[in-house]
């Protein structure tokens, strides 16, 4: 027997079909160029303003585990010259070349694998920086630490010992400072470098440096010369609630405000963006927990089915009417300027964004390192 529908069900399905047809027509209009595309909403944040471009001061960097270029970009805007980047993922190498065709990029399993590279040829570099894969220490994974095949800290340490930079900067998830990894940090990072470097450990929150996202990360910064280490101070927050004379001086940048979206009576920094490279599927969503999904809903923003451009995002408005994000929206929430583009499919762009160091945070660390090295008053 044929499936029997009530009049109410027929009407509901008819409305869904009509909405679908309207979206298809809107998509056709957008693709055909009948609707203005690419106009930035008024009030949209420009993350470049969080990283005032500094003049070249002569210091150089070598980048490991470069990913989408967060550390590389932050150090570049702080005035550092770029010697080379190593990254095992081809798509990340494409992104780096897309944005900086003049840089020396070693990418892919043949050229970008740090386990095969020799770094003694980079002796004379001022700073080695990188974010070794965080999965062995992330609370989102099994936290297998040194037993995880993705643990690349020994390679980072080897690079520092071979290149002998004046300073190094390494970034990872806050879980690295948990008690369970205390012995790992001591035995595999601090002790192997203690005979040559004075090492500092500290956490930074991206929202305290103008990034409209709740993202905490730990940094390891080391100096070969005691005089440089004596001058080093971890970056002080530039955004937040003013506490005292030396506290944050600017209000936090909030999500809707930063994206140039209308005021709905609620705004906050966005939840931490999930990497599209993680999980079993090639996801185009950035939700990393049930709690974050509730926050996105309160913000009136749809964090699933991120689109490659604004035309497609507008053409496929979610049923609840929330703002559907684009790759550029996610990049902005991570602190990447609009002119920094990501190669590959949507999930690959989100993977690079979600795995990267927020450039304004990298910039703040780079400025502190520059002062310690005596290149900035």
What is the angle, in °, between the Cα long axis of helix 346-355 and the longest principal axis of the Cα atoms in the chain? Nearest 10 is fine, range 0 to 90. 40
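Percent relative contact order of the chain, based on C-alpha pairs within less than 8 angstrom and at least six residues apart? If you can, show how the numbers build up before the last one.
Values: 728 pairs, mean separation 72.1, N = 377.
In percent, rounded to a whole number, it is 19.
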Does anyone have the angle between helix 7-31 and the longest principal axis of the chain? Alpha-carbon axes, 0 to 90°, nearest 10? 50
What residue among 288, 151, 320 shows peak mean-square fluctuation when the chain is described by a Gaussian network model with Cα springs under 10 Å? 320
Among 350-360, 247-257, how do they line up by average Cβ neighbours within 10 Å per residue, starting with the highest? 350-360, 247-257
Rg (Å, one decimal) plus Dmax (Å, integer) for the alpha carbons of region 147-187? 11.5, 31
Can you give me the angle between helix 290-299 and the longest principal axis of the chain, using Cα atoms only, in degrees from 0 to 90, rounded to the nearest 10? 70
Residues 287, 157 arranged by fewest to most Cβ contacts within 10 Å: 287, 157
Computed from the beta carbon distance with a Förster radius of 35 Å, FRET efficiency for residue 309 and residue 53 to the nearest 0.05 stands at 0.80
Pair-distance profile P(r), taking every C-alpha pair of region 221-377, with 10 angstrom steps and integer %: 10, 32, 30, 18, 9, 1
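Here, each number is a calculation from the coordinates, and none is a lab measurement. On a predicted model such as this, the values are computed, not experimentally measured, just so you know. Cβ: placed from backbone, ideal geometry, glycine included. Neighbour counts: every protein chain shown.
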